[in-house]
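What follows is a short report on a single structure.
Coordinate-derived values only; no laboratory data. Quick caveat, the model's predicted, so the values are computed rather than measured. Neighbour counts run over all protein chains shown; Cβ positions are idealised from the backbone, glycine included.
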Amino acid sequence: MAMLEFDDVEVFYGKVQALRGMNLRVDEGEIVALLGNNGAGKTTTLSTASALVRAHAGRVAFNGQDVTRAHPWNVVSAGLIHVPEGRRIFSTLTVLENLQLGGYLVKERGLVAKRIERVYELLPLLAERRTQQGGTLSGGEQQMLAIGRGLVAGPKMLMLDEPSMGLAPLIVNQVMQVISEIRDQGTTVLLVEQNARAALKVTDRAYVIDGGATTIEGSARDLMADSRIIDAYLGA
Ligand code: ATP
């Protein structure tokens, strides 16, 4: 079943066209990566799915529902959660308070507490630091906190924008491992990554985006063997 679908989506920022006939599909239970250079339209794709940016043409559907004209909070309520680039941790709030903010649209407080306990099981380092201020965490820990906060919202699908940015290779692998576990626990994942090598290790499929549209699509295994991908994104 399709969890997220883009059909010929066009997006403009003023006169700048950021998406030019974007088509993509993420099925339930998949990890899909969006690869591509700076300015290709990856972040815009996530923002359009979240309804933070309006499509001028085309159609976006989430979990069988047309969300092209939806409000961002309706999309969140439907279970599509966006972890933006740059983590956006509240540095003077504790780890626990940051996690609680992930549940701001959840009416049942007991459910938020239960989800936070599950995040602590997945990410024990956050449990150890629950009373520590967010700003005192390392970059990798802040990324884990941003992901944990997304999980507290109760996603059917999690969208992660450049989770490996600025992290050491060992930490990047840990983040990818966590993403893999999140999927194994039943959440669909759409991942934007500049680090194609790390992303393709855990993803099922990937799209390359160029000039606001997908240009190459395939399984991670096929893409890792594709000379166009090797030359442009994987290096020697
Ligand atoms: P990056 O990795 O650099 O974030 P990206 O693939 O995510 O790149 P987008 O951020 O989606 O690319 O940008 C797509 C295009 O839209 C680029 O040409 C960019 O300059 C332009 N753009 C993005 N945001 C805005 C904005 N708020 N106003 C005007 N143009 C924008």
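Figures for the structure shown
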| read-out | value |
| --- | --- |
| With eigenvalues of the C-alpha gyration tensor scaled by 5 and rooted, the chain, Å | 28, 22, 16 |
| Approximate spin-label separation Gln65-Thr215, in nm, with each point projected 7 Å along Cα-to-Cβ | 3.6 |
| Qualifying GluC sites (Glu not before Pro) for region 7-100 [loop in DSSP, other Cβ within 10 Å: at most 16] | Glu28, Glu85 |
| Residue exposure sequence - Lys42, Lys201, Lys15, Lys114 - by fewest surrounding Cβ within 10 Å | Lys15, Lys114, Lys201, Lys42 |
| Neighbour-count ranking [beta-carbon atoms within 10 angstrom, fewest first] of Phe62, Phe90 | Phe90, Phe62 |
| FRET E, pair Arg197, Leu105, Förster distance 25 Å, beta-carbon r, rounded to 0.05 | 0.10 |
| Table column - 3J(HN,Hα) (Hz), region 18-27, Karplus curve with 6.51, -1.76, 1.60, x for Gly and Pro | 9, 10, 10, x, 6, 10, 7, 8, 10, 8 |
| Where labels lie 7 Å past Cα in the beta-carbon direction, separation of Asn37 and Arg228 in nm | 1.4 |
| Residue-span extension gain [Lys114 to Leu170] - 0.36 nm each, minus C-alpha spacing | 17.2 nm |
| Estimated [θ] at 222 nm from DSSP helical runs (n ≥ 4, -39500 (n - 2.57)) normalised by residues in the chain, nearest 500 | -10000 deg cm²/dmol |
| Spatially proximal lysines relative to Lys156 (Cα-Cα < 29 Å; intrachain offsets below 8 disregarded) | Lys42, Lys107, Lys114, Lys201 |
| Percent of beta bridges antiparallel (DSSP, the chain, rounded to nearest 5) | 60 |
| Relative contact order %, the chain, counting alpha carbon pairs below 8 Å whose residues are six or more apart | 27 |
| Extension gain, Asn23 back to Glu85 (0.36 nm per residue minus Cα-Cα distance, nm) | 20.1 nm |
| Inter-part distance where region 8-66 and region 107-174 are each reduced to a Cα centre, Å | 25 |
| Modelled FRET efficiency - R0 35 Å, Leu125 with Lys15, Cβ distances, 0.05 increments | 0.15 |
| Relative contact order [Cα under 8 Å, 6+ residues apart], region 88-154, whole percent | 54 |
| Antiparallel content of DSSP bridges confined to region 143-236, in %, to 5 | 55 |
| Efficiency of FRET between Gln185 and Thr94 - r from beta-carbon atoms, R0 35 angstrom, step 0.05 | 0.90 |
| Packing rank of 102-109, 126-133, where each peptide gets the mean count of other beta carbons within 10 Å, highest leading | 126-133, 102-109 |
| Kyte-Doolittle at least 0.0, axis length at least 15 Å by Cα - qualifying DSSP helices, the chain | 139-152, 169-184 |
| Given charges at beta-carbon only (K, R positive; D, E negative), |dipole| of the chain in Debye | 620 |
